[in-house]
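What follows is a single structure, written as structure tokens, with notes after it.
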Amino acid sequence: MSHFFAPDRWETPDLVLRSFMPGDGTALAEALNVSYDHLKRFMIWAVPTEDPDDCEERVRRFRAHYLLNQDFLIGIFDREEKRVLGGSGFHLREGPLEGGRCEVGMWIRGDEAGKGLGQKALAALTAWAWAEWHFHRLSWHCSSENFASRKVAESAGYEQEGILRRGLSVRDEPPHDRIIYAKLKNGDSPSRTPA
Ligand SMILES: CC(C)(COP(=O)(O)OP(=O)(O)OC[C@H]1O[C@@H](n2cnc3c(N)ncnc32)[C@H](O)[C@@H]1OP(=O)(O)O)[C@@H](O)C(=O)NCCC(=O)NCCS
């Protein structure tokens with residue numbers, strides 16, 4: 001892969017998944033500010049109040065990392081791209097981009113959670129990864145106690161590979177067990193050793 005120009009957007013009938021762009025800071029702050037109670041247990045970066053200018057700085061940094069192929073933060077938007085429904089990303093936590101592996105992260109805004117959006121978004125991200133990115137392995141890490149997250153992974157066909165005992169920090173509680181799920185492009189079971 002001598003050159004890789006990361007694709008910027010993927011659309012479904014309900015959603016637009018795209019790189020955060022300059023100008024998205026206010027919408028991101030609004031989404032985070034209605035979501036603190038929903039996010040705080042598992043998203044240790046969440047804070048009670050986000051400032052729009054801080055978020056604008058953040059989305060510009062996200063965009064820069066995206067263009068440099070360093071980290072791919074992805075906004076989940078409604079079709080009109082007026083509302084941030086959540087955030088996601090293809091994170092290079094399993095080695096460099098050339099290796100074709102990444103970890104998918106996700107949060108859904110509090111007032112839209114539990115309505116099937118996370119499942120739709122992960123199905124769309126997975127389809128996009130296979131269609132336009134060079135990834136052949138996507139992983140998903142979550143707390144053993146994050147039942148909504150586990151359901152999202154399982155509904156998209158991610159298979160549980162292992163458990164890192166006490167491997168995940170959460171807010172105000174002792175560490176939880178970290179469950180690792182993954183899905184492979186060719187559909188092989190992750191536990192199958194190539195011949
Ligand atoms: C986890 C998260 C991304 C899921 O997105 P979502 O849009 O709320 O999820 P969905 O509505 O698509 O699906 C959730 C599923 O989990 C199920 N679920 C939720 N809580 C559950 C529980 N305590 N026990 C069992 N199942 C549960 C729901 O019933 C639903 O399944 P169904 O469609 O069969 O009824 C979202 O809730 C979120 O942002 N959580 C906080 C941040 C976070 O934990 N991110 C994930 C880090 S790995």
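Taken together, the values in this text are just the output of simple stated rules run on the coordinates, not laboratory data. These numbers were taken from a predicted model, which means no experiment stands behind them. Reconstructed Cβ throughout: ideal geometry from the backbone, glycine too, with neighbour counts over all protein chains shown.
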Task: Estimated D of segment 1-59 in µm² per second, where Rh is the Kirkwood radius over Cα pairs and Stokes-Einstein applies at 37 °C, 0.692 mPa s - done: 246
Open item on the list: Name the residue from LEU97, ALA64, MET21 whose Cα lies farthest towards the positive end of the charge dipole of the chain, charges +1 on Cβ of Lys and Arg and -1 on Cβ of Asp and Glu.
Closed with: LEU97
- [ ] Work out from phi, with θ = phi - 60° and the Karplus expression 6.51 cos²θ - 1.76 cosθ + 1.60, the ³J(HN,Hα) of each residue of segment 116-121, listed in order in whole Hz, and give x for Gly and Pro.
- [x] x, 5, x, 5, 5, 5
TODO: Note down the nm distance, to one decimal, between modelled labels 7 Å out along Cα→Cβ at VAL170 and at TYR36.
DONE: 2.1
Open item on the list: So if I place +1 on the C-beta of Lys and Arg and -1 on the C-beta of Asp and Glu, and nothing else carries charge, what would the dipole magnitude of segment 9-184 be about its Cα centre? I want it in debye, nearest 20.
Closed with: 440
Task: Cα-based Lys proximity count in the chain, under 22 Å, for pairs eight or more positions apart or on separate chains - done: 10
- [ ] Pull out a ≥ b ≥ c, the square roots of the eigenvalues of the alpha-carbon gyration tensor of the chain, then state rounded if a/c is under 1.5, prolate if not and a/b is larger than b/c, and oblate in the remaining case.
- [x] oblate
Task: Neighbourhood charge, 15 Å Cβ-Cβ cut-off, centred on VAL170 and excluding it, Lys, Arg +1 and Asp, Glu -1 - done: +2
TODO: Report relative contact order for segment 27-171 in percent, whole number only (criteria: Cα-Cα under 8 Å, sequence separation at least 6).
DONE: 22
